[in-house]
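The next block holds one structure in the form of C-alpha cells; read it before the comments.
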Amino acid sequence: MADKPRIKLPKEAAKGEVIQIKTLVSHVMESGQRKDAQGKAIPRKIINKFACEFNGKPVFACALEPAISANPYIQFDARIDEAGTFKFSWTDDDGTVITAEEKIALKA
Amino acid sequence: LTLMPMAADAEVSNDAAKWIEKFTGGRQPAKGKISLDLPEIAENGNTVPLSINIESPMTADSHVKDVLIVADGNPNAGVATLSFTPLSGKAEASIRIRLASTQNVVAIAKMSDGSLFTEQKTVKVTIGGCGG
C-alpha cells in the first residue's frame, strides 16, 4: 500500500465552530476505461468509498466512481461540538481499507 | 499516455438519465439552493476541480442528506454521491473529477424533508480525461 493519507485540519476549534478538512490519498484510481500496450483493457481499481466519523458519529461520506481523479482529494466541513477524534477511511475495490485518525481539542 | 480520439462536442448519451432516475425516484428537482463551481474551460480533463455549496441550516430538522453528481458525456455518468449530516456543519465539498470531453456536469441535492434541487454547469474540455 502507498503513502499515508494526508489530512489537514485545525488542532483546536471553538465549540460550535465549523472547520474545513482537506484529505488526499495516493491511489491510481484506474478507471477501467484504459487499455494497455497490447490493447487489453486495464481492469478497474478505484477507491469506491470515503467516510469520516467524529467520536463514532458520521460526519461526511462520499461514494466515488471511476470519474474521480487519481490521488483523490476530498474537502468538506465539520461542526465541532466537543473535543474528540476524527476517523477517516478509504475503501478500495479489492476490499482494502486505508484508515487514518486525527484529534481535535476545544479552544479554552 | 496516448489519448483516445473523442468527439470535441460530444453529446454522448450515457447512463446519466438512469443515475438521476434512481436518485430522484422520478421526481422533478427544483432549480436553486446549489452553487456548483467548475471551470468553464478545463485544459486537462484528467483533473477538473469541482466545488459545491448548498444553502441549508444543516440542523437535525433541516439539512442536506445526499448529493448526486453525474457527468453526461463520460463513458459512465456517475461521478460521486456525497452524504452530509448535521455534523457536517455546512453542505460544502470539493473534489477533483475526470471529464472525457466537453459536457454537462449535473448536481442533484436531496434534503432531509425529501425535497430535491438541481444545478448544472457546462465544461469545455481541451484534453479529455478518459485516456487510454
> Using modelled amide H (1.01 Å from N, peptide plane; none on Pro or chain starts), what sits under 5 Å from the amide H of A:Ile68, excluding residues fewer than 5 places away?
Replying inline: B:Arg98
>> Need one number: nm distance between label points at B:Glu21 and A:Glu82, each 7 Å from Cα along Cα→Cβ, rounded to one decimal.
In response: 4.6
> So, in nm, how far is label B:Ser115 from label A:Asp92 when the simple model puts each one 7 Å beyond its Cα toward the Cβ?
Replying inline: 4.4
> Can you sort B:Ile127, A:Ile74 so the residue with the fewest Cβ neighbours within 10 Å comes first?
Replying inline: B:Ile127, A:Ile74
>> Largest first and in whole Å, what are the equivalent-ellipsoid semi-axes of chain B based on the Cα gyration tensor, each being the root of 5 times an eigenvalue?
In response: 28, 15, 11
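Count the net charge of all other residues whose Cβ sits under 9 Å from the Cβ of A:Thr23, scoring Lys and Arg as +1 and Asp and Glu as -1.
Once positives and negatives cancel, what remains is +3.
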>> As an exercise, find the ratio Rg/Rh for the protein assembly as shown from alpha-carbon atoms, using the Kirkwood inverse-distance average for Rh.
In response: 0.98
> In whole Å, what is the distance between the alpha-carbon centres of segment A:72-108 and segment B:64-132?
Replying inline: 22
> Just going by the charge dipole of the protein assembly as shown, with Lys and Arg at +1 and Asp and Glu at -1 on Cβ, which of B:Pro49, A:Gln38, A:Ser89 is farthest out on the positive end?
Replying inline: A:Ser89
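First select every other residue whose beta carbon is under 13 angstrom from the beta carbon of A:Ile74; then total the charges, Lys and Arg +1, Asp and Glu -1.
+3
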>> If you build the convex hull over the alpha carbons only and average its shadow over all orientations, what do you get for chain A? Give it in nm² to one decimal.
In response: 7.0
> In sequence order, what are the phi-derived ³J(HN,Hα) couplings for segment B:44-58 according to the Karplus relation 6.51 cos²θ - 1.76 cosθ + 1.60 with θ = phi - 60°, rounded to whole Hz, with x for glycine and proline?
Replying inline: 10, x, 6, 8, 10, x, 10, 10, 9, 9, 10, 5, 5, x, 6
> About its Cα centre, what dipole magnitude does chain A give when the only charges are +1 on Lys and Arg Cβ and -1 on Asp and Glu Cβ, stated in debye to the nearest 20?
Replying inline: 180
> How many angstrom lie between the C-alpha centres of segment A:11-36 and segment A:37-53?
Replying inline: 16
>> Could you derive backbone 3J(HN,Hα) for segment A:30-35 from the dihedral phi with the Karplus parameters 6.51, -1.76 and 1.60 (θ = phi - 60°), listing whole Hz in sequence and x where the residue is Gly or Pro?
In response: 5, 7, x, 9, 8, 10
>> As an exercise, use a Förster radius of 41 Å and the Cβ-Cβ distance of A:Ile19 and A:Ala41 to find the FRET efficiency, rounded to the nearest 0.05.
In response: 0.45
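No lab work stands behind these numbers, since they all come straight from the coordinates. If you're wondering where the values come from, they're calculated on a predicted model, not measured in any experiment. Backbone-built Cβ (ideal geometry, glycine too); neighbour counts: all protein chains shown.
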